[in-house]
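Below is one structure, written out as structure tokens; comments come after it.
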Protein chains: 4
Amino acid sequence: MAAVSRSDVVDPRIERSREVVLAAALELLAEVGFGDLTIEAVAARSGVAKSTIYRHWAGKLDLVASACAELKSDARTVPAPGPVRQRVAEILTEFAVNVQDPTWRRACLPALIEASARCPEVAAVSRQLAEMGTAPLVQVLDEAVAAGELRLPAGATTAVLADALVGPILLRALFHRDPLDAGDVPALVDLVLPGP
Amino acid sequence: MAAVSRSDVVDPRIERSREVVLAAALELLAEVGFGDLTIEAVAARSGVAKSTIYRHWAGKLDLVASACAELKSDARTVPAPGPVRQRVAEILTEFAVNVQDPTWRRACLPALIEASARCPEVAAVSRQLAEMGTAPLVQVLDEAVAAGELRLPAGATTAVLADALVGPILLRALFHRDPLDAGDVPALVDLVLPGP
Amino acid sequence: MAAVSRSDVVDPRIERSREVVLAAALELLAEVGFGDLTIEAVAARSGVAKSTIYRHWAGKLDLVASACAELKSDARTVPAPGPVRQRVAEILTEFAVNVQDPTWRRACLPALIEASARCPEVAAVSRQLAEMGTAPLVQVLDEAVAAGELRLPAGATTAVLADALVGPILLRALFHRDPLDAGDVPALVDLVLPGP
Amino acid sequence: MAAVSRSDVVDPRIERSREVVLAAALELLAEVGFGDLTIEAVAARSGVAKSTIYRHWAGKLDLVASACAELKSDARTVPAPGPVRQRVAEILTEFAVNVQDPTWRRACLPALIEASARCPEVAAVSRQLAEMGTAPLVQVLDEAVAAGELRLPAGATTAVLADALVGPILLRALFHRDPLDAGDVPALVDLVLPGP
DNA sequence: CTTTAAGCGAGACGGTACGTCAAGTCTTCGT
DNA sequence: ACGAAGACTTGACGTACCGTCTCGCTTAAAG
């Protein structure tokens, strides 16, 4: 009844190869970026033969898309209940810190942006990741709106508001301008979050 | 005295090479994007030898940087005087349109972000370009603050405000999410710009 | 007593695999030659799995050796009795024609020679095939000597004489010089065969 | 006056590359044979980059053809005047010894034969080499015929006769049968050379 | 007439070499 | 003398086979 269909069974070697290759790809993406990522290097670091990589992925873009899709598990959790300003500040503070951390798994964000510009499949992954990344913030904002704690002007959405909050942190990181750090978060919240 | 210093005189061949190379580079950038741009192709299209290109530029990044620098004339100018909201909306509307242009902006921005993450020199360029990009917006906001038309909370700066305004437009483009287009700009301004 | 020894019994599946593989190998040898023959292609054409081929043969050389051994049945038969010159001419004429046949002889002989130079096992096969190839000719000459129809100088053997007769035909084929064809055989016999 | 035309001048780097590559190719041909010769190995041994090799030769066959063409200088010289039997024996004796030499002759000849079967260009080279190889023998025979020392049957040529003399030596070497050595040469001459 | 062990196909694996392409360096020539 | 031309080394590309190896399936034999 609940018997596993035979076609669902995957050769364990395939699964094992897939894992070590994607792990190596993510490491290298963070280290050298998309442009300098080579399949040879992924093969060397993972200990998997180049031909095996090409057996499973069509090329660099495809591999990077798969690798980035692995990042989905990193999702942030929604903070404990409380005043919006405080909850938002909590999320942004963590984000401002993470974005500076060079070992952060999403150090491959720039690589992801580059790859997205060149390949629709990666772009789809990128979009998903971005939406998952702001999801907790959007949820907190939605709850505040629902509770009447936050009032948005006509035509505005919490998604756009989330982008406006995140923008100053992320854009400065991407373009290597003076970063906004944890101490700057309260002023940012005061500036962007509507209300008294 | 008024004689032109010898070092100011440039071999006309050099000037000629520089022009045709940069022209070819810009054409190719628009056609194939940064990632698929090759020095070899620039040499072929321009009719200039590869070694000549390397004599004048350090590599692909340097060449593209020069090429983009040629575009400085494209810089946005500060809009005519008027109410802040209107001036800001004008800038953002143009930006929302440009960011969709598939030619050089989409081709170069992601590459610039990627390269900035790996190479400090490029990061410096990136930073300059980013600041030049938001300069008109910051200037408009500064003027409004000076005129008392806009009041910022304590600790907030116009630079951060500019990022918050630009964030929703740019982040959506970079991560290939639903773009904000010209029609969405008024709501964005209402949402982010402080005030009644 | 008359029972078939158990070691003589072969699993019919093995026999079947052996046959279709060798047939495919011979076909491919004729089509693409030894150098371009691949085990993969033999597997594909025969419908037998690559692993099965490697289960029975050590590699390409071994497989080709087996395949060529299958050709032993092709051996030339001794011509009908008659005058030596006529019998010799008959054999050489057929040989001169066969040697031009582009299929297996041209495809295999050079490869066999090459392989023999690298691998003692193949050299042994090569030697056997060569001796089987000249056997009818040697037999005819031996019979003529026994009958007193042919007289050899002291120290000479019919084996060497056979080589001398075959040499002009085969060497020209191997080195792609002007071939000796059927019409040239009588002059060759007159020239090399001792006697009045 | 005797000025070298400008188009005759070759970049010395090209000449240098050509020389070291062909030398390495000949060495490897002798060592591993045609089948196991790889362009990579030639590149490694010669110290010349693979791409440079491909710039000058179309592939393995073309390279081998060029390399073998370099062997043309090895030609044997015609022996001193004297009786035909003695002069022929002298040539054959040297040949019988050389053919056993495990270095290049035994190693390259099979490779050359193999390559000739697969590539018309190599076949042309092969033919030339073969003809140059028997040229001294043919010349000696021609001189004997001209001097009335040797009489050929109608329809026979000295070229065929040369092949008949060489055949027993070379065929046995190629097929790894019992070699004919120096001691066997007189009997071979007595057997094949027409006359009293 | 079932076990049971073998031969089998399928195909993933780590490798090596292929022939191509671009990068960036360096030598030679022509103006 | 210096820039243009282009040959060079290097190294990654993506492909094709290599020979090895696990898998289950199926099929022949021995109990």
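Using only helices, what value at 222 nm comes out for chain A when you add -39,500 (n - 2.57) per DSSP H run of length 4 or more and divide by the total residues, to the nearest 500 deg cm²/dmol?
Working: 9 runs with 121 residues, N = 196.
Rounded to the nearest 500, it is -19500 deg cm²/dmol.
Inside 10 Å of the C-beta atoms of B:148-154, what's the mean count of C-beta atoms belonging to other chains? Walk me through the numbers on the way to the answer.
Numbers: counts 0, 0, 0, 0, 3, 7, 4.
Mean number of neighbouring Cβ atoms from other chains: 2.
Please list, by residue number, every one of the trypsin sites (Lys or Arg not before Pro) in segment D:109-184 that is coil in DSSP and has at most 15 other beta-carbon atoms within 10 Å. Spell out each step's value before the answer.
Values: sites: D:118, D:127, D:151, D:172, D:177; in loops: D:118, D:151, D:177.
Answer in residue order: D:151.
Treating the angle as unsigned and between 0 and 90°, give the value, to the nearest 10°, between the Cα long axis of helix D:84-98 and the longest Cα principal axis of chain D.
For D:84-98 against chain D, the angle is about 40 degrees.
Before anything else, pin down the relative contact order of chain C: Cα pairs under 8 Å, at least 6 apart, normalised by residue count, whole percent.
22 percent
Take the Cα gyration tensor of the protein assembly as shown, multiply each eigenvalue by 5, square-root it, and list the three semi-axes largest first, rounded to whole angstrom.
Values: eigenvalues 1422, 247, 59 Å².
Square roots of five times the eigenvalues give 84, 35, 17 Å.
Averaging sequence separations of C-alpha pairs under 8 Å and six or more residues apart, then dividing by the length of segment C:81-196, give the relative contact order as a whole percent. Let's see the in-between values first.
Details: 83 pairs, mean separation 41.9, N = 116.
Contact order relative to length: 36 percent.
Looking at chain D as a GNM with Cα springs under 10 Å, which of D:117, D:96, D:162 has the largest mean-square fluctuation?
Greatest mean-square fluctuation among the candidates belongs to D:117.
Determine which chain B residue has its Cβ at minimum distance from the rotation axis mapping B onto D, giving the value in whole Å.
Looking at chain B's Cβ atoms against the axis toward D, the nearest is B:51, 4.
Can you list the copy-to-copy distances for residue A:194, using a point 7 angstrom from Cα toward Cβ, in nanometres, shortest first?
Taking the point 7 Å beyond Cα along Cα→Cβ, the inter-copy spacings are 1.7, 11.7, 12.0 nm.
Which of B:97, B:166, B:128 sits closest to the plus end of the dipole of segment B:76-196, meaning its Cα is farthest towards the positive end, when Lys and Arg get +1 and Asp and Glu get -1 on the C-beta?
About the Cα centre, the residue reaching furthest to the positive side is B:128.
Which distances, in nm and shortest first, link the residue A:10 label point to the same label point in every other copy, taking 7 Å along Cα→Cβ?
Spacings between copies for this position, smallest first, are 4.3, 5.6, 5.7 nm.
Starting from a label point 7 Å past Cα on the Cβ side, list the distances from residue A:36 to the same position in the other copies, nm, shortest first.
2.4, 4.0, 4.3
Using every alpha carbon pair in segment A:93-196, what percent of pairs falls into each 5 Å bin from 0 up to the bin containing the largest distance?
Taking every Cα pair in segment A:93-196, the percentages come to 2, 11, 19, 22, 19, 14, 8, 4, 0.
Evaluate the charge dipole of the protein assembly as shown about its Cα centre and quote only its size in Debye, nearest 20, assuming +1 on the Cβ of each Lys and Arg and -1 on the Cβ of each Asp and Glu. Please report the intermediate quantities before stating the final value.
Working: 76 positive and 100 negative charges, 43 e Å.
Dipole size: approximately 200 debye.
Angle between the Cα long axis of helix A:158-174 and the longest principal axis of chain A, 0 to 90 degrees, nearest 10?
Taking Cα atoms only, the helix is inclined about 70 degrees.
Where does the Debye-calculated log10 I(q)/I(0) of chain B sit at q = 0.10, 0.14 Å⁻¹, using only Cα point scatterers of equal weight, no solvent?
With no solvent term, the Cα-only Debye profile gives -0.54, -0.89.
May I ask you to evaluate 6.51 cos²θ - 1.76 cosθ + 1.60, the Karplus curve with θ = phi - 60°, for each residue of segment D:141-151 and list the ³J(HN,Hα) values in order in whole Hz, giving x for glycine and proline?
With coefficients 6.51, -1.76 and 1.60, one gets 5, 4, 4, 5, 5, 4, 7, x, 7, 10, 10 Hz.
Residue by residue through segment B:27-37, which ³J(HN,Hα) values in whole Hz follow from phi under the Karplus form 6.51 cos²θ - 1.76 cosθ + 1.60 (θ = phi - 60°), with glycine and proline marked x?
4, 5, 4, 5, 6, 10, x, 5, x, 9, 6
Would you kindly derive the ³J(HN,Hα) couplings of segment C:183-192 from the backbone phi angles with the Karplus curve 6.51 cos²θ - 1.76 cosθ + 1.60 (θ = phi - 60°), listing them in order in whole Hz, with x for Gly and Pro?
Going residue by residue, I get x, 8, 4, x, 4, 4, 4, 4, 6, 8 Hz, with x marking Gly and Pro.
Every number in this text was worked out from the coordinates using simple rules, so none of it is lab data. Please read these numbers as outputs of a predicted model, since none were measured by experiment. Every residue, glycine as well, gets a Cβ built from its backbone with ideal geometry; the counts of neighbours run over all protein chains shown.
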